[in-house]
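The values are calculated or read from the model by the stated rules, or taken from the named source; none is laboratory data. Remember, it's a predicted structure, so these values are computed and weren't measured experimentally. Here the Cβ positions follow ideal geometry from the backbone for every residue, glycine too, while neighbour counts run over all protein chains shown.
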């Protein structure tokens, strides 16, 4: 019983530490937004320049509470991958009948020594969670077709087909929203 109690105590403290660490990503200069969303009740989304060397951009959700105060929550943070992340697009589209926020992020790659250069793209998707927050839609996040390089990877030419909202919506409609 003592081991189980120690286990829960450790992970409770780890969770508190994680929440405190993530609080720094709620601050920064707004670089895009706010964008109103009805994916969550009374929601607005903004991208912030966090000033963090590892995760320079974060996506923040602000929701209006009943007393007119706004609550901020971290939706996601985007890391450096060869270069700083660039937000290409934010749009809304249903995924399997649920409203989603979709974000297209890119990074410039320049590793000519190994023959890899061009632009890396990744599609992120968020849906409403149980507590009026946004959570990662893992179906989209881990779809191997929604991440790729447009350029050269280890000397081989690569083309990424989903570099805008229209092509991403078309892919989701044809491959994920199939009944």
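Values for this structure:
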item	result
Unique match (being farther than 19 Å from residue 141 by Cα and out of contact with any strand residue (DSSP E or B) (no Cβ under 8 Å at 6 or more places or on another chain)) among 64, 53, 71	53
Residues satisfying the stated conditions in segment 125-155, i.e. out of contact with any strand residue (DSSP E or B) (no Cβ under 8 Å at 6 or more places or on another chain) and without any contact (Cβ under 8 Å) to a residue 12 or more places away in the chain	130, 131, 138, 142, 144
Residue in segment 106-113 that is in a strand (DSSP E or B) and within 16 Å of the chain's Cα centre (by Cα) present	yes
Qualifying residues in segment 115-131 (those that are surrounded by fewer than 15 Cβ atoms within 10 Å (Cβ to Cβ) and more than 17 Å from the chain's Cα centre (by Cα)) - the one nearest to residue 155 (Cα to Cα)	115
Residues of segment 128-179 that turn out to be part of a helix (DSSP H, G or I), over 20 Å from residue 39 (Cβ atoms) and touching a helix residue (DSSP H, G or I) at 6+ places or on another chain (Cβ under 7 Å), as a count	1
Selected residue (only one of 82, 43 is out of contact with any helix residue (DSSP H, G or I) (no Cβ under 8 Å at 6 or more places or on another chain) and farther than 18 Å from residue 119 by Cα)	43
Neighbours by Cβ (under 9 Å, 6+ apart or cross-chain): first from segment 110-124, touching a residue at least 12 places away in the same chain (Cβ under 8 Å) and at positive phi; second surrounded by 11 or more Cβ atoms within 10 Å (Cβ to Cβ) and outside any strand (DSSP E or B)	118/160
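Okay, residues lined up against (1) at pLDDT below 95; (2) under 17 Å from the mean Cα position of the chain (by Cα); (3) closer than 27 Å to residue 168 by Cα; (4) surrounded by 10 or more Cβ atoms within 10 Å (Cβ to Cβ):
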site	(1), (2), (3), (4)
4	yes, no, no, no
11	yes, no, no, yes
14	yes, no, no, yes
33	yes, yes, yes, yes
71	yes, no, no, yes
78	no, yes, yes, yes
90	no, yes, yes, yes
